[in-house]
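Worksheet: one structure, shown below.
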Amino acid sequence: MPKQIDPAVKARALRLINEHQGEYPSLSAAAAAVGKQLGVGQETVRRWAVQSQIDSGQRPGVSSEENEEIKRLKNENRRLREDVAILKAATS
């Protein structure tokens, strides 16, 4: 089970990445420094930063809102398929 990280820590990590990314040769190097400072894994901070860039339109990809919509639609689709299977079984 993944551990829950305080949203304030995530917000601080993203703020630090945005403020100091120019001081490092790459996003990974900046994420390593910020992660070490905050006690969070480098890859976690890097993924947060990449998703933040996608959400703000700086980088191509699927935004957080679109991901949530896709999850919601998949769950609805699964539920509807189960309903159809139950109805088919009831009619036969």
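The values are calculated or read from the model by the stated rules, or taken from the named source; none is laboratory data. Bear in mind the structure is a predicted one, so any value in this text is a computation, not a measurement. Positions of Cβ are backbone-derived with ideal geometry, glycine not excepted, and every protein chain shown enters the neighbour counts. For accessibility, only protein heavy atoms count, side chains too; no ligands or nucleic acids. Shrake-Rupley method; radii C 1.70, N 1.55, O 1.52, S 1.80 Å.
Over the chain, what relative contact order in percent results from Cα pairs under 8 Å that are six or more residues apart? Intermediate values should be presented prior to the final figure.
Details: 53 pairs, mean separation 15.2, N = 92.
It rounds to 17 percent for the chain.
Rounded to the nearest 0.05, what FRET efficiency do S64 and S92 give with R0 = 41 Å and r taken as the Cβ-Cβ distance? Could you check?
Calculated value: 0.45.
I'm spelling it out carefully: the read-out is semi-axes √(5λ) of the Cα gyration tensor in Å, the candidates are [x] 20, 15, 10; [y] 41, 15, 9; [z] 28, 14, 11, and one was derived from this structure. Which label?
[y]
When ligands, DNA and RNA are left out and all protein chains stay put, how many square angstrom of accessible area per residue does the chain have with a 1.4 Å probe?
Details: 7060 Å² over 92 residues.
That works out to 77 Å² per residue.
Name the aspartates and glutamates eligible as straight-distance cross-link partners of K71: C-alpha to C-alpha under 13 Å, and not fewer than 8 places from it in the same chain.
The qualifying aspartates and glutamates are none; the list is empty.
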